[in-house]
Amino acid sequence: MGRPPAEPDVGCLSESDDWPLWEVFLRGRRGLAHQHVGSLHAPDPELALQNARDLYTRRGEGVSIWVVRSTEVHASDPDDQGPLFDPPADKAYRHPTFYKVPEDLQL
Amino acid sequence: MSPTYSEESRELAFQEAIDSDRTVEPRDWMPERYRSTMIRQIAQHAHSEIIGMQPEGNWITRAPSLRRKAILLAKVQDEAGHGLYLYAAAETLGVERRELTDLLIAGRQKYSSIFNYPTLTWADVGAIGWLVDGAAITNQLALTKTSYGPYARAMVRICREESFHQRQGFELLAELSRGTKAQHEMAQDAVNRWWWPSLMMFGPPDTESPNTAQSMAWKIKRVSNDDLRQRFVDMTVPQAQALRLELPDPDLRWNEARGHFDFGPIDWEEFRQVVGGHGPCNQQRISVRRAADEEGAWVREAARAWEGRQQSRTSAA
Ligand SMILES: [Fe+2]
Ligand SMILES: [Fe+2]
């Protein structure tokens with residue numbers, strides 16, 4: 001049980017005799033992007049899609065499913081969070097609230 | 001991953017993050033004990049969902065109407081889904097579902113002791129939905145705020161699905177309770193048998209629950225066993241009245257000063273017996289699970305072989 005943890009939200013990447021792991025993405029309704037909902041085991045893409053249908057859409061939660069092999073997901077390192085995501089913090093001018101405009105104008 | 005951080009300072013930083021309500025995500029550094037506690041708890045929860053299909057599954061072929069059969073099928077299928085969401089959450093911590101299944105079958109990981117009781121009559125399906133799912137919801141609602149992200153997210157999803165489980169049980173019992181005298185008695189008998197084991201589902205009293213303090217500090221657990229149990233009792237008593245069924249506890253009464261219902265002592269010796277493997281159905285539950293695993297092995301193998309063949313065909317073409 002001491003194996004290093006896997007990708008964010010992505011299950012264990014080593015594979016035993018169990019079927020490989022897939023990440024499941026659902027489009028809730030037309031007009032929305034696919035969103036990650038969880039993972040499951042399946043031997044191939046077809047069965048992964050069918051299992052995802054049974055497991056994640058029993059109540060009409062989706063109109064479209066993507067499945068992606070978990071090993072194909074590459075993720076940023078949580079320890080790099082600072083260097084990766086802090087730089088915009090001092091760039092307030094990227095936000096509209098940075099600018100002073102007359103209050104009575106629609107701008 | 002700076003090696004200059006000592007284990008101790010990492011643990012302090014981890015606790016600070018937890019204290020400020022930061023969710024722990026899979027690739028974050030975490031103390032080994034947090035990881036192993038989380039794996040054990042999620043696995044035990046997943047096993048409970050999977051084993052929990054057996055007592056109710058027992059009645060699918062004998063449901064008294066097509067409507068009831070469809071409902072029960074849907075409920076049991078949901079429980080399978082809950083088990084799978086939870087195994088997936090456990091796998092983000094670096095274990096494999098296969099290992100967890102092996103540990104369950106070997107009797108080295110536990111599941112909720114409630115599922116070691118038999119379902120003797122159709123009314124038991126109602127009592128399980130109303131009381132057992134009711135207790136599970138009380139527990140799971142608190143867990144939607146647990147500190148480990150994938151577990152909390154699985155709980156949100158599960159809670160959304162659970163409410164129909166409790167309602168269908170309540171409705172089933174209400175029908176029986178208002179039916180013939182024999183039906184009413186069957187409903188009462190089921191409630192008599194399931195009430196105390198349902199109270200035990202929240203685990204030993206806080207005074208005898210040694211891991212609670214650490215689990216609370218890590219926000220794995222957000223509400224103590226006794227507080228959850230009290231919540232469940234307070235919620236259930238008026239429902240029993242609406243059902244016109246008695247809860248089998250002569251000490252059960254409203255305590256104005258506390259603002260809660262008082263209830264009688266729980267037989268913790270029975271709990272220890274059942275957890276220790278001596279409940280009425282422990283052997284049966286595990287042997288059914290093992291048989292399903294063994295008898296399904298060829299399907300898993302065949303599907304893998306088929307996929308292997310497809311792969312080599314594509315690469316040859
Ligand atoms: Fe469940
Ligand atoms: Fe349930």
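The values are calculated or read from the model by the stated rules, or taken from the named source; none is laboratory data. From a predicted model like this one, the values you see are computed outputs, not experimental measurements. Ideal geometry is used to build each Cβ from the backbone, glycine not excepted, and the neighbour counts take in all protein chains shown. We work out accessible area using only protein heavy atoms, side chains counted, and drop any ligands, DNA or RNA first. Shrake-Rupley method; radii C 1.70, N 1.55, O 1.52, S 1.80 Å.
Of all the residues in region A:57-107, those that are touching a helix residue (DSSP H, G or I) at 6+ places or on another chain (Cβ under 8 Å) and within 28 Å of A:Gln35 (Cβ to Cβ) number 8. Considering B:Arg98, B:Arg40, the condition of being under 16 Å from B:Ala292 (Cα atoms), open to solvent by 20 Å² or more (accessible area, probe 1.4 Å) and either modelled with pLDDT under 95 or within 12 Å of chain A (Cβ to nearest Cβ) (or both) is satisfied by B:Arg98 alone.
Out of B:Ser147, B:Ser112, B:Ser177, one residue alone is touching a helix residue (DSSP H, G or I) at 6+ places or on another chain (Cβ under 9 Å), among the polar types (S, T, N, Q) and within 12 Å of ligand 1 (Cβ to nearest atom). It is B:Ser112. Please work out which residue is most open to solvent (accessible area, probe 1.4 Å), limiting yourself to region A:63-81 and to residues that are at pLDDT below 95 and part of a loop (DSSP other than H, G, I, E, B). Restricting to residues being at pLDDT below 95 and part of a loop (DSSP other than H, G, I, E, B), the top hit is A:His74.
In region B:74-96, the residues that are part of a helix (DSSP H, G or I) reach residues that are of a type in the set (Asp, Glu) and within 11 Å of ligand 2 (Cβ to nearest atom) with C-beta atoms within less than 7 angstrom, at least six apart or across chains, in these pairs: B:Lys75/B:Glu56; B:Val76/B:Glu56; B:Asp78/B:Glu161; B:Glu79/B:Glu49; B:His82/B:Glu49; B:Gly83/B:Glu49; B:Leu86/B:Glu49.
Of everything listed in (1) open to solvent by 20 Å² or more (accessible area, probe 1.4 Å); (2) within 16 Å of ligand 1 (Cβ to nearest atom); (3) in a helix (DSSP H, G or I), the single unmet condition for B:Leu103 is (2).
Listed here are the residues, each with its yes/no results for (1) more than 16 Å from ligand 2 (Cβ to nearest atom); (2) charged (D, E, K, R); (3) more than 24 Å from the chain's Cα centre (by Cα).
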residue	(1), (2), (3)
B:Val156	no, no, no
B:Cys159	no, no, no
B:Ser163	no, no, no
B:Lys181	yes, yes, yes
B:Met186	yes, no, yes
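Considering B:Leu103, B:Leu73, B:Leu66, B:Leu120, the condition of being touching an Asp or Glu at 6+ places or on another chain (Cβ under 9 Å) and among the aliphatic types (A, V, I, L, M) is satisfied by B:Leu120 alone.
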